[in-house]
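What follows draws every value from the coordinates through simple rules; no lab data is involved. Values in this document were obtained by computation on a predicted structure and should not be read as measured data. Don't worry about glycine lacking a Cβ; one is built from the backbone with ideal geometry, like all the others, and counts go over all protein chains shown.
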Amino acid sequence: MSAAPHARASVSGALQRVGPGVDASTIPVVIVSRDRRERLLSTLARLAALPERPTIVVVDNGSRDGTVEAVRARHREVQVLALDRDRGASARNIGLRALDAPYVALCDDDSWWAAGALQRAARAMDAAPRVAVLAARVLVGHEERLDPVCELMARSPLGHGPGLPGPRVLGFVACGAVMRREAVLAVGGFDEHYGIGGEENRLALDLARAGWWLAYAPDVVAHHHPGARARGPWRTARTARNDLWTAWLHRSLPAAVRRSAGILAGAGATAPLAAVAALRGAPRIARRRRPLAPETERELRLVERQAAR
């Protein structure tokens with residue numbers, strides 16, 4: 001069935017769900033993109049060649065470069081949800097709601113799944129009903145370097161729980177993650193205020209606070225070829241702003257203060273911009289503040305100490 005392929009603007013009320021006609025062992029894929037037509041078309045070609053033949057939903061964040069028209073012309077099998085503005089990472093929530101499937105895999109427009117990865121992920125999620133997010137082993141570039149976040153997850157100090165394909169973690173890389181759809185939507189999904197940059201940290205802790213696990217799966221592989229996109233000062237400041245918001249939403253007061261100092265130090269010259277942007281959202285953060293349970297806070301400190309080594 002079609003997921004409202006010609007929807008634009010307010011799509012949530014017009015969606016038909018995708019899913020009943022697909023193989024339940026094949027996880028569908030959601031991609032969010034904006035003004036990256038050629039990169040997206042290349043990624044879709046790679047996904048279309050997978051033996052699993054996954055259902056693919058593209059949520060377009062208000063592109064003005066002909067992305068929507070090009071995808072519909074060249075990949076008629078892809079479901080396209082066209083938004084009239086940039087909703088950042090929260091556009092993924094629209095893709096999740098459009099699908100009728102227990103698990104959903106995420107891609108960026110410059111990442112894709114290895115052959116067999118989605119089937120392995122489905123089996124792993126079936127075997128671990130407490131897991132809300134399965135974090136893949138992300139290989140970067142033609143050299144297939146292990147993503148630095150994956151290096152840390154592989155050494156997670158949280159150990160293995162029953163039935164897990166790898167260690168428990170408290171984070172993930174969005175371009176290579178498989179999600180238990182209902183669990184993610186139940187905690188609100190990706191926050192619409194965050195945009196792109198550090199949005200995974202907020203969602204990971206939302207899920208942990210709700211009692212869900214996240215796990216690293218080294219045999220579930222995704223590829224990421226980010227190219228040479230410039231990381232401007234606003235992107236750096238926005239990521240720092242988001243990390244500050246997450247710290248004050250979820251951490252104990254001493255941990256939030258300590259974490260804030262580290263975030264601003266890491267932001268370098270953009271620290272003042274990040275601080276001002278974070279303060280603008282302070283009333284909203286204060287209203288929603290709910291610190292993690294002591295045991296989860298303890299685990300997060302273990303993860304942070306390991307990352308600092």
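Quick one: which residues, 5 or more positions from Val58 or on another chain, have an amide H under 5 Å from its amide H? H modelled 1.01 Å from N in the peptide plane, none for Pro or chain starts. Long-range HN contacts for Val58: Ile31, Gln79, Val80, Leu81. Taking all Cα pairs closer than 8 Å and separated by 6 or more residues, the relative contact order of the stretch 54-120 comes to 31 percent.
The antiparallel fraction among DSSP beta bridges confined to the chain stands at about 35%. Specify the angular offset, from 0 to 90 degrees and rounded to the nearest 10, of the alpha carbon long axis of helix 271-280 from the longest principal axis of the alpha carbons in the chain. For 271-280 against the chain, the angle is about 80 degrees.
Label the stretch 122-224 by shape, choosing from rounded, prolate and oblate, from the square roots a ≥ b ≥ c of the eigenvalues of the Cα gyration tensor; if a/c is under 1.5 it is rounded, and otherwise prolate applies when a/b is larger than b/c, oblate when it is not. Because a/c hits 1.5 or more and a/b fails to exceed b/c, the stretch 122-224 counts as oblate. For the listed peptides 163-169, 217-223, a ranking on the average number of other beta carbons within 10 Å per residue, highest first, reads 217-223, 163-169. Remark on Val131: its backbone amide H falls under 5 Å from those of Trp213, a criterion applied only to residues 5 or more positions apart or on other chains, H modelled at 1.01 Å from N.
Computed from phi, the 3J(HN,Hα) profile of the stretch 243-257 under the Karplus parametrisation 6.51, -1.76, 1.60 (θ = phi - 60°) reads 5, 5, 4, 5, 4, 7, 6, 10, 9, 4, 4, x, 5, 5, 5 Hz, with x in place of Gly and Pro.
Taking every C-alpha pair closer than 8 Å and separated by at least 6 residues, the mean separation divided by the residue count of the stretch 233-308 gives a relative contact order of 40 percent. Expressed as an acute angle from 0 to 90° and rounded to the nearest 10, what is the orientation of the C-alpha long axis of helix 294-308 relative to the principal long axis of the chain? In the chain, helix 294-308 runs at an angle near 90 degrees to the longest axis.
Post the alpha-carbon centroid distance, the stretch 53-91 to the stretch 125-154, in whole angstrom. Between the Cα centres of the stretch 53-91 and the stretch 125-154 lies a distance of 25 Å. Rounded to the nearest 20, the size of the Cβ-charge dipole of the chain about its Cα centre is 900 debye, with Lys and Arg at +1 and Asp and Glu at -1. Each Lys and Arg Cβ is given +1 and each Asp and Glu Cβ -1; about its Cα centre, the stretch 233-308 then shows a dipole of about 320 debye.
The angle between the Cα long axis of helix 37-48 and the main principal axis of the chain comes to about 70°, on a 0 to 90 degree scale.
Please label the shape of the stretch 233-308 as rounded, prolate or oblate, based on the square roots a ≥ b ≥ c of the eigenvalues of the alpha-carbon gyration tensor (a/c under 1.5 means rounded; beyond that, a/b larger than b/c means prolate, else oblate). The shape class here is oblate.
Using the count of nearby Cβ atoms within 10 Å as a rough guide to exposure, how do Met125, Met179 rank from fewest to most? Walk me through the intermediate numbers first.
Numbers: Met125 23, Met179 28.
Ranked by crowding around the Cβ, least crowded first: Met125, Met179.
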